[in-house]
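Here the structure comes first, spelled out in structure tokens, and everything after it is commentary.
No value in this document is a laboratory result; all are computed from the given coordinates. Because the structure is a prediction, the values reported are computed rather than measured. Glycine also receives a Cβ, built like all others from the backbone with ideal geometry; neighbour counts cover every protein chain displayed.
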Amino acid sequence: TEVLRNMVYAGSSALDGLRWVVLDEVHFLQDAYRGPVWEEVLIHAPADVGFVCLSATVSNATELGEWIGELRGPTDTVVEHVRPIELESLYLVGDRTSERDHLVPVLVDGHPNPEAARFDVARVHPQRGGSDRRRRGAPRGRFRTPRRHEVLDRLHDEGLLPAIYFIFSRAACSDAARQSLLAGVRLTEASEREQIREIAERRVVALDDADLDVLDYDGWLATLEAGVAAHHAGMVPAFREAVEDCFAAGLIKVVFATETLALGINMPARSVVIEKLSKFNGETHEFLSPAQFTQLTGRAGRRGIDDEGTAVVLWSPFVAFGQIAGLAGSREFPLASAFRPTYNMAANLVRRYDRETAHAILGRSFAQFQADRAAVHLRARVDRIRAELDLLGGPVEDGADGSGEDAGSGGIRDYVAALDAVAASRPRAADRRAAVDAGLASLVPGDVIDRGAGSGRRSVLVLSVASRRGGKVQVRAVTAQGADVRLGADDFDTVPAPIARLELPVPYAPSDAA
């Protein structure tokens, strides 16, 4: 995509015959690092170039299609809700008291599997057989995360190979492949091992013996012949391509891979394994979003081969089962633009366009399109407020006695005077905000509070309370309809106080959509 962007900016003659561009995984528009490049291509590509945009994780596809239509011309939005291959999500839990680990469905009839609740009880209450996080000398809990070679053995027994085993670390992928070999994992037959050697030798023919020694070719080939391999961007291309060839041919049974394998590489698998549900984003560890989870599990199931694909999620002492069920059952993947002007973009705009045209081009981004839509609602609100102000500040009509007041009910001057008196009696804005912030800070998860007053009262349940910079307090809550809301002092006319209290579920997981 960056190559195409640079060719467009340079006005390359190679684009003269270009008719179509396919943007696979178009949801990368919201990627903080890559998204702006995708939008630049859509904005700057020649007008006669058509685009085909594909994604399995965009729930606001109609909005995206409308933006592309305004940008590129007539656009059809095609939405398909039926997955070509059915997907089943399973939960694998290691058990120290049993010879066989537990493998249960995540969803039953579209709802979280009630049988899996017992694994959460043990996770929260170590004395009842739970968490691996224990004090020195304390007994170990009953349940645990299955070891990698145990997962492979279970997949083999269940007929779920070949599999892609996602680990969000390049070094960990390579270590997992070596550890599997040392653990005695052997998933290939003699004829398959011979084919693997032929493919590997063909791919590394350009590397001399010294290079192969440095790369530990013998050790890498031994893991391949066992039917196990690592795949990540840190591998030399020859090794990575050999893994892809072997896996596509059905010779490699398990690939330990980073999430980049889920993006456009044709490596069909019967199942996928997700070891952890959090990943490092370059700054902090974050929980997988429903879109990311769907992207990974979407690799399960081979068209024309499997009737069903399988996603296996491993038990963790740090993740509640409800969070896993929420990811597996979610179908909400709203796409938001990550567009931002960069130095590279600014330099190219200045080089190619005048100031007015450059400003106009920046205004064509998906981010601006979404902002303009939000502005429509804000304008409507402003219009309503202005209409109310016009009513209050309208001309004074004379009363029956000619004094400008209505003798029966009091004139508008009395009404305005009363409003001034009320305003004068109110505390200063700063004092009011401090009081509201204090009231918010005193809340605890489980409190029920009211937003608004009178007929506009709406009760919400407090999930968490957080202090921000400058002493501001933010409350996260859920409405009676299940909507997740975040509230601050500006959302309250009076100091909030609990009107009831609800017992929160165990384990307490405020991010659990279920």
- prompt: Does segment 41-98 classify as rounded, prolate or oblate by the C-alpha gyration tensor (a ≥ b ≥ c root eigenvalues; a/c under 1.5 gives rounded; else a/b over b/c gives prolate, otherwise oblate)?
  reply: prolate
task: Among DSSP beta bridges lying fully in segment 208-342, give the percent that are antiparallel, nearest 5.
output: 25 percent
field: Per-residue HN-Hα couplings for segment 45-55 [Karplus 6.51, -1.76, 1.60; θ = phi - 60°; Hz; x = Gly/Pro]
entry: 4, x, 4, 8, 8, x, 10, 10, 10, 10, 6
task: Subtracting the Cα-Cα distance from 0.36 nm times the residue separation, let me have the gained length for D493 to V448 in nm, one decimal.
output: 14.5 nm
query: Whose amide H sits under 5 Å from the amide H of F51, counting only residues 5 or more places off or on another chain, with H placed in the peptide plane?
result: V21
- request: Using θ = phi - 60° and the Karplus relation 6.51 cos²θ - 1.76 cosθ + 1.60, list the HN-Hα couplings for segment 206-222 in order, rounded to whole Hz, with x at every Gly or Pro.
  value: 7, 9, 7, 4, 5, 4, 5, 5, 4, 7, 6, 4, 4, x, 5, 5, 4
- prompt: When the distances between all Cα atoms of segment 1-113 are binned every 5 Å from zero, what whole-number percent does each bin get?
  reply: 2, 9, 16, 16, 12, 10, 8, 7, 7, 5, 4, 2, 1, 0
- request: Return the distance in nm (one decimal) between the two label points of a simple spin-label model at R186 and A249, each offset 7 Å from Cα along Cα→Cβ.
  value: 2.1 nm
Three-way shape label, segment 213-346, alpha-carbon gyration tensor, a/c 1.5: oblate
- prompt: In terms of modelled amide H atoms, which long-range or inter-chain residues lie less than 5 Å from the amide H of A311?
  reply: E88, S89, L90, V272
- request: Enumerate the calculated ³J(HN,Hα) couplings along segment 4-11 in order (Karplus 6.51 cos²θ - 1.76 cosθ + 1.60, θ = phi - 60°), each rounded to whole Hz, writing x wherever the residue is Gly or Pro.
  value: 4, 4, 5, 5, 5, 4, 7, x
message: For F256, what residues show an amide H to amide H distance below 5 Å, using hydrogens built from the backbone and excluding near sequence neighbours?
response: Y165, A229, A230, H231
- prompt: When Lys and Arg each count +1 and Asp and Glu each count -1, what net charge do the other residues less than 13 Å away from G219, Cβ to Cβ, add up to?
  reply: -4
query: Separation of segment 40-108 and segment 331-379 by C-alpha centroid, Å?
result: 24 Å
query: How big is the gap, in Å, between the Cα center of segment 173-227 and the Cα center of segment 1-15?
result: 39 Å
